[in-house]
Amino acid sequence: MKNINHYLIFIIEDQKYALHITDVDRVIHSVAITQLPDAPPIIKGVINLYGGIIPAINTRIRMNVADRDIQLDDKFIIVHFRGRKLALIVDNIKNLLDTDKTDQMDDIAQGIDTIEGTINFNGEIILICDLNNLLSEKELIHLEEI
């Protein structure tokens, strides 16, 4: 019996990324972000989600993609992260993908903490995000203060 993995596929610029579906709470359309003074650049600010305050993470910075203003058609992926929720800002959602074909990044790109593996799907390489390594220790400390 094959081990099937379930992923949410999202896009930043032209690159596709994947998150384990078990890490995802929901996807919402972009909403107003309240900026925080002295926050690291990766923490874009906070959003109000049904009365809860959730940090909004600038995923473009973490993936080394040119930063830009949030667009009306951007999406926020609400994820479970170390006992709290975060909103990952992405360009778009592609689809859900169930696959037994994943490759670990151990030999491919050592030292890239934010990527845990790849999926080769129909000739396209999809990068699997390592949510546990999304933020640096300094960023985690700042996040705890929110």
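Quick notes
- Label-to-label distance for ASP38 and ASN122 is 4.9 nm, based on points extended 7 Å past Cα in the beta-carbon direction.
- Straight Cα distances below 18 angstrom link LYS138 to the aspartates and glutamates ASP38, ASP113, ASP130, with same-chain residues fewer than 8 positions distant left out.
- Relative to the current alpha-carbon distance between ASP14 and LEU140, full extension at 0.36 nm per residue lengthens the span by 42.5 nm.
- Cα lying deepest toward the dipole's positive end in the stretch 5-144, options ASN48, ASN92, PHE81, charges on Cβ: ASN48
- Remark: ILE115, ILE57, ILE89 ranked as ILE115, ILE89, ILE57, counting other beta-carbon atoms within 10 Å and listing the fewest first.
- Kirkwood-Stokes translational diffusion coefficient of the chain, alpha-carbon pairs, 25 °C, 0.890 mPa s, µm²/s: 155
- Over the chain, Cα pairs under 8 Å with separation of 6+ residues give a relative contact order of 27 percent.
- Working note: Cα gyration tensor of the stretch 1-66, eigenvalues times five, square-rooted, sorted largest first, giving semi-axes of 26, 17, 10 Å.
The numbers here are math on the coordinates, done by the rules we state, and not lab data. Given the structure is predicted, the values throughout are model-derived calculations rather than measurements. In this analysis, Cβ positions are derived from the backbone assuming ideal geometry, glycine residues included, and neighbour counts consider all displayed protein chains.
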